[in-house]
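What follows is a short report on a single structure.
Taken together, the values in this text are just the output of simple stated rules run on the coordinates, not laboratory data. Since this is a predicted model, take the numbers as computed values, not measurements. Because the Cβ atoms are built from the backbone with ideal geometry, glycine has one as well, and the counts that use them run over all protein chains shown.
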Amino acid sequence: MHQHPVPYRAIATTIAMVVVAAAGLLLVYEVRRVLTWIVVALFFAVALYPVVTFLERRYPKAPRSVATLLVFLAVFLVLVGLAVAFAVPLAREATDLAGQLPKLIADSRAGRGPVGDFLQRTNALEWVQQNQDRISQYGRNLATPALGIAKAAATTVAAVVTIFVLAYLMVLEGPKAVDGALGLLGEQRRAERVRSVGHDCARTVTGYLSGNLMISVICGVLTYAALRLLGVPFAGLIALFVAIADLIPLIGATLGALVAVSAGFLHSVTAGIVVLVFFVLYQQLENHLLQPVILSRTVKLNPLTVLLAILLAVELAGILGALLAIPVAGIIQTIARDVWDHRRGRPKDVPTIGEEQQPADPAAPRSAKNSDVAGRSAS
């Protein structure tokens, strides 16, 4: 059997496509940090877009730039208020601690006070006295990663500012960008369909944020009640931190629990144990009941899909995957449902047996089939 040789042009085209794909993947890898910022900014822009649109419709005489500025100014003030709510008590307590620190150190070395008693019972004081040189060397070594910590802090600040500015510009220029993209589709009906699907996808993101905020509020209220009943100091401040940390996917709940449990143990051993048990039980409740049930109502996903989406996304993309898992699953469901409705028809009560016996659209085909049968009987 004669085989035709592969044309050189096809070989060159294949090699070029492979090289371009590899270069594209390399480019994505090199700018992955910026792409992450863009994705997060788009996520928050979609969430704030309905608020800006509401203000724009409520006050039609005001330009969109004013509505956008007011919304982002309100978000900024909320963030500043939360920072002040943490900074002021922490600064006051740090000042008091600095004044009491010499006495605390002296009591600890002598085995007096709660810290000294704890060190005495656990033999930690004896270990510290035997390893003073090693501890001093470790303290000097801490100066080495200080530059890395400062660099990470500067990168975090730059990321927050960049995401804030990107989200602002996305909300401000969003209508123009959407209209321009839809204009490329040409057909009016197709453009309206894409706009409708995009609106449903945006509602999915907004529903996810509202559901996540609801879960965080529940977490903060329950934490405050537990700490208040146990008499742990600064119960409100700790509960506020736990609620905010709970917004962070994957590690937020654990971070908040560590702070609350530490505060409980500083108050008393009994309080620490009770707070630890509380958070172990609550995290199981949140992960397996609150998140699937609440997010299934706000994002319109069933609880099993919510849980599977979170597990798969965390395994694939870590924290960013956990942040985007549920809204992405909701968006995929919205698009898949729209494609099904327009291409295959809505699901039927009776399964399809065959195109002639049970058509997908029973109205028109049955009438055509009946007229064909009537024509045959008349002939």
Distance in Å, no decimals, from the C-alpha centre of the range 54-96 to the one of the range 274-337 is 28 Å
Of the range 149-168, those with amide N under 14 Å from the point 7 Å along the Cα→Cβ vector of I319 are 152-160
For the range 307-323, Karplus-derived ³J(HN,Hα) couplings (6.51, -1.76, 1.60; θ = phi - 60°; whole Hz; x for glycine and proline) come out as 5, 5, 4, 5, 4, 5, 5, 5, 5, 7, 10, x, 5, 4, x, 5, 5
For 41-53, 288-300, ranked highest to lowest by mean beta-carbon neighbours within 10 Å, the order is 41-53, 288-300
Note: S210 to I251 extended length (0.36 nm per residue) minus current alpha-carbon separation gives 12.8 nm
Subtracting the Cα-Cα distance of R9 and L25 from 0.36 nm times their residue separation yields 3.3 nm
Taking R0 as 51 Å and r as the Cβ-Cβ distance between V194 and Q283, the FRET efficiency 1/(1 + (r/R0)^6), rounded to the nearest 0.05, comes to 0.80
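Please state the shape class of the range 188-347: rounded when a/c is under 1.5, otherwise prolate if a/b exceeds b/c and oblate if not, all from the C-alpha gyration tensor. Intermediate values should be presented prior to the final figure.
On the way: a/c = 3.29, a/b = 2.88, b/c = 1.14.
Note, shape of the range 188-347 comes out prolate.
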Here, M17 and V269, labelled 7 Å along Cα→Cβ, have an inter-label distance in nm of 7.0 nm
Checking rank on 173-184, 12-23, 232-243, with mean other Cβ inside 10 Å and highest first, the result is 232-243, 173-184, 12-23
So R33 and D341, fully extended at 0.36 nm per residue minus their Cα-Cα distance, gain in nm 107.1 nm
